[in-house]
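Have a look at the structure below before the remarks.
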Amino acid sequence: MNFFKQKNPPKNPFNSLSEENTFDNSCEVDRKLMISNELKNSLNGIYPVFQPKVSLKDKKIIGAEILARYTSKDLGVVSPKEFIPIAEEHNLIAQIDLKIIEQAFIFIKKELDSNIILNDFRISFNLSLKTFNQVDLIDCLKNLLKKYNISGNYFEVEITESIFIKDINKTVQKLNYLKKLGMEISIDDFTVGHSTAQLLCLLPVDIIKFDKCLLDSLDINQSKGTIIYKNLTNLIKELDLRIVAEGVETKDQLDFLEDLKVDYVQGYYISKPLSKEVASIIFRNRTNSFSRLP
Ligand code: C2E
Ligand code: CA
Ligand code: CA
């Protein structure tokens, strides 16, 4: 029997797997390339959405996180979980961050020009490591504040612990400058990593955003998850910092956070991210207590 002439050779599961993988990988590479090329050509497909944050004390909207969205000409809607890492890899993230930040400024400016009172209201924006380390970040922000003639008090900067890998003194200096501009600083995606806990002592931060995974751990092991959440809450409160609980999806989670007297909540249970038009309507009525938002 000649194996080379066999009509239907037995399938080697490892070969077929690796063939599929090669196919998948090349598709993935093509898709990545398409996204990076399109973003290099133009950022027209990038636009902002706004996810409200609510104070648990009085059930009022205290601000929102501005998040980037991307609709590609050829691929349709692409998730931030896909395009943000590609933008980071191809050094496009600073341009995207600055575009989104400017959208936050434009949003606030428009509201103020319409005589909407925005006392104690802040829009937070995300700064990736590369954007934070961009030498002229502070100048860019100062220029935007000047261009739109608004105060930095309407903004909050969300950073992750990744920015502390570099020179800690420079980082602290930069954060202090942002605070001088009136902006608040929050640490995003906070979990139980001890490096973050160490940094809490060093950094001029105002707010800690508890990652969704901390709430999710309650579903995995209710009693242990509760101990972790409670202790972290106490730790942050004792440090005189405020807490945003991210990823609140159920009434049970909301009740749990209310019991712990967590300051603010953000998540699908309260509201999904909103278009700027809907956000504007919702925020104009923000002095009403929130029920669940659209
Ligand atoms: P993030 O900064 O942690 O933003 C929160 C993410 O959680 C958002 O995902 C939001 O839509 C999602 N989320 C909010 N509430 C819930 C909930 O109750 N359940 C679940 N499952 N998810 C919830 P999104 O918009 O897909 O963004 C993903 C990540 O992409 C962001 O995570 C952030 O790291 C990054 N990103 C988004 N926009 C920007 C940007 O303008 N600049 C930078 N550098 N990164 C951005
Ligand atoms: Ca964030
Ligand atoms: Ca987060």
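The values are calculated or read from the model by the stated rules, or taken from the named source; none is laboratory data. Note that this is a predicted model, so its numbers are computed, not measured. As a convention, Cβ positions derive from the backbone with ideal geometry for all residues, glycine included, and neighbour counts pool all protein chains shown. Ligands, DNA and RNA are excluded from the accessible area calculation, which covers all protein heavy atoms including side chains. Shrake-Rupley method; radii C 1.70, N 1.55, O 1.52, S 1.80 Å.
Quick look at the numbers
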quantity: Verdict on residue 186 being hydroxyl-bearing (Ser, Thr, Tyr), at pLDDT below 95 and closer than 29 Å to residue 132 by Cβ; calculated: no
quantity: Number of the exception - residue 210 against (1) more than 16 Å from ligand 2 (Cβ to nearest atom); (2) aromatic (Phe, Trp, Tyr); (3) at pLDDT 95 or above; (4) open to solvent by less than 30 Å² (accessible area, probe 1.4 Å); calculated: (1)
quantity: Test for residue 119: is it closer than 19 Å to residue 40 by Cα, away from ligand 3 (no atom under 16 Å from the Cβ), assigned to a loop (DSSP other than H, G, I, E, B) and open to solvent by 20 Å² or more (accessible area, probe 1.4 Å); calculated: no
quantity: Residue within the stretch 127-149 that is under 14 Å from residue 186 (Cα atoms), surrounded by 16 or more Cβ atoms within 10 Å (Cβ to Cβ) and out of contact with any Lys or Arg (no Cβ under 9 Å at 6 or more places or on another chain) present; calculated: yes
quantity: Residue check for residue 86: more than 24 Å from residue 140 (Cα to Cα), of a type outside the set (Ser, Thr, Tyr) and open to solvent by less than 60 Å² (accessible area, probe 1.4 Å); calculated: no
quantity: Evaluation of residue 105 against (1) at pLDDT 95 or above; (2) loosely packed, with under 15 Cβ neighbours inside 10 Å; (3) under 21 Å from residue 44 (Cβ atoms) (one fails), failing number; calculated: (2)
quantity: Qualifying residues in the stretch 63-79 (those that are in contact (Cβ under 8 Å) with a residue 24 or more places away in the chain and assigned to a loop (DSSP other than H, G, I, E, B)) - the one nearest to residue 188 (Cα to Cα); calculated: 75
quantity: Positions within the stretch 85-112 being farther than 14 Å from residue 151 by Cα, out of contact with any strand residue (DSSP E or B) (no Cβ under 7 Å at 6 or more places or on another chain), in a helix (DSSP H, G or I) and hydrophobic (A, V, I, L, M, F, W, C), in sequence order; calculated: 86, 87, 93, 94, 98
quantity: The one condition in (1) under 24 Å from residue 70 (Cβ atoms); (2) out of contact with any Pro (no Cβ under 6 Å at 6 or more places or on another chain) that residue 136 fails to fulfil; calculated: (1)
quantity: Hits in the stretch 173-196 - residues which are in contact with a Lys or Arg (Cβ under 8 Å, 6 or more places away or on another chain) and not in a loop (DSSP other than H, G, I, E, B); calculated: 184, 185, 186, 187, 188, 189, 190
quantity: Which numbered condition residue 272 misses (of (1) within 13 Å of ligand 1 (Cβ to nearest atom); (2) under 25 Å from residue 198 (Cα atoms); (3) open to solvent by 40 Å² or more (accessible area, probe 1.4 Å)); calculated: (2)
quantity: Selection status of residue 236, away from ligand 1 (no atom under 16 Å from the Cβ), in contact (Cβ under 8 Å) with a residue 24 or more places away in the chain and among the aliphatic types (A, V, I, L, M); calculated: yes
quantity: Extreme residue, most open to solvent (accessible area, probe 1.4 Å), among residues of the stretch 159-203 that are in contact with a Phe, Trp or Tyr (Cβ under 7 Å, 6 or more places away or on another chain) and closer than 24 Å to residue 265 by Cα; calculated: 199
